[in-house]
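Participant: Could you have a look at this structure, given as structure tokens, before my questions?
The values are calculated or read from the model by the stated rules, or taken from the named source; none is laboratory data. Bear in mind the structure is a predicted one, so any value in this text is a computation, not a measurement. Glycine gets a Cβ as well: all are built from the backbone with ideal geometry, and neighbour counts include every protein chain shown.
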Amino acid sequence: MTDLRETISSRLAARYAQLASVLHELAAPLSDEQFWAKPFPFGNSFGHLVLHLTGNLNYCIGAQIAGTGHVRDRPLEFSEAGRPSKAVVLQKFDDAIEIVFDTINCQSAEDWSREYAAAGVDSHDRFEIALQCATHLHHHIGKMMYLGFELKRTS
């Protein structure tokens, strides 16, 4: 019988893998220009959302649990003007997902309930932040779906 620690770790890892796959599927048909386009006068580009998700995972899980030392610049996630290539941005996202996998897989049963406190984050323990980050990723994938639809419609 699988223990609760293994169930939590494997299910969270599977959810992150599935969401990362969806993000890549949505990004695949976009050119670099479309990746950074803002089809609406409000909101963000697909690329800025990926930067934001990468920053969120690197900070909330990487820096705060895994101790990577990542320093987040949240405003830059939405204002990056240099516009690196889609491939570079997606690789950095994949690197953050790998940190999430590694971190999730090394948590003991006791680690999941350890106190969690980080600036600007409302979470009480490690399980809650891992779940919140997955939900946050899912939320922004919904926005990316809409952006992709609009970018195809207007091309």
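Participant: Restricting the search to the stretch 108-143, which residues are at negative phi, outside any helix (DSSP H, G or I) and of a type outside the set (Asp, Glu)? Outline the logic, then answer.
Facilitator: Quick first cut of the stretch 108-143, residues at negative phi only: 108-119, 121-143.
Now drop any that are not outside any helix (DSSP H, G or I), which leaves 108, 113-119, 121-125.
Those that are at negative phi, outside any helix (DSSP H, G or I) and of a type outside the set (Asp, Glu): Ser108, Ser113, Arg114, Tyr116, Ala117, Ala118, Ala119, Val121, Ser123, His124.
Participant: Here is a follow-up. Write out, first by first residue and then by second, each pair whose Cβ atoms fall under 6 Å of each other, whose residues are 6+ apart or on separate chains, and whose first residue, in the stretch 37-61, is touching a residue at least 60 places away in the same chain (Cβ under 8 Å) while the second is in a helix (DSSP H, G or I) and among the acidic types (Asp, Glu).
Facilitator: Going by the 6 Å Cβ cut-off, the qualifying pairs are Pro39/Glu150; His52/Glu77.
Participant: Filter the stretch 119-155 down to residues that are at pLDDT 95 or above, aliphatic (A, V, I, L, M) and farther than 29 Å from Ala37 by Cβ and give me whichever is surrounded by the most Cβ atoms within 10 Å (Cβ to Cβ).
Facilitator: Ala130
Participant: Testing Ala87 on (1) closer than 23 Å to Ala37 by Cβ; (2) modelled with pLDDT of 95 or more; (3) surrounded by 15 or more Cβ atoms within 10 Å (Cβ to Cβ); (4) of a type outside the set (Asp, Glu), one condition comes back false. Which one is that?
Facilitator: So the condition that Ala87 fails would be (3).
Participant: For the stretch 45-72, which residues satisfy the criterion of being surrounded by fewer than 20 Cβ atoms within 10 Å (Cβ to Cβ) and of a type outside the set (A, V, I, L, M, F, W, C)?
Facilitator: Hits for the stretch 45-72 are His52, Gly67, Thr68, Gly69, His70, Arg72.
Participant: Further question: Which members of the stretch 16-44 meet the condition of being crowded, with 17+ Cβ neighbours inside 10 Å and either at pLDDT below 95 or basic (Lys, Arg) (or both)?
Facilitator: Hit for the stretch 16-44 is Pro39, nothing else.
Participant: Among the residues of the stretch 1-36, which ones are without any contact (Cβ under 8 Å) to a residue 60 or more places away in the chain, of a type in the set (S, T, N, Q) and in a helix (DSSP H, G or I)?
Facilitator: Thr7, Ser10, Gln18, Ser21
Participant: Still on this structure, I have one more. Here are some residues: Arg126, Arg153, Arg83. Which one is within 18 Å of Arg15 (Cα to Cα) and among the basic types (Lys, Arg)?
Facilitator: Arg126
Participant: Would you check if His24 is touching an Asp or Glu at 6+ places or on another chain (Cβ under 7 Å) and within 21 Å of Leu147 (Cα to Cα)?
Facilitator: Answer is no for this residue.
Participant: Val100 - would you say it is loosely packed, with under 15 Cβ neighbours inside 10 Å and either at pLDDT 95 or above or part of a helix (DSSP H, G or I) (or both)?
Facilitator: no
Participant: Still on this structure: Can you tell me which residue in the stretch 114-152 is nearest to Val71 (Cα to Cα), limited to those that are among the aromatic types (Phe, Trp, Tyr) and in contact (Cβ under 8 Å) with a residue 12 or more places away in the chain?
Facilitator: Within the stretch 114-152, the first condition is being among the aromatic types (Phe, Trp, Tyr), and the residues that meet it are 116, 127, 146, 149.
Within this subset, residues satisfying the condition of being in contact (Cβ under 8 Å) with a residue 12 or more places away in the chain are 116, 127.
Numbers: Tyr116: 17, Phe127: 22 Å.
Within the stretch 114-152, the match that is nearest to Val71 (Cα to Cα) is Tyr116.
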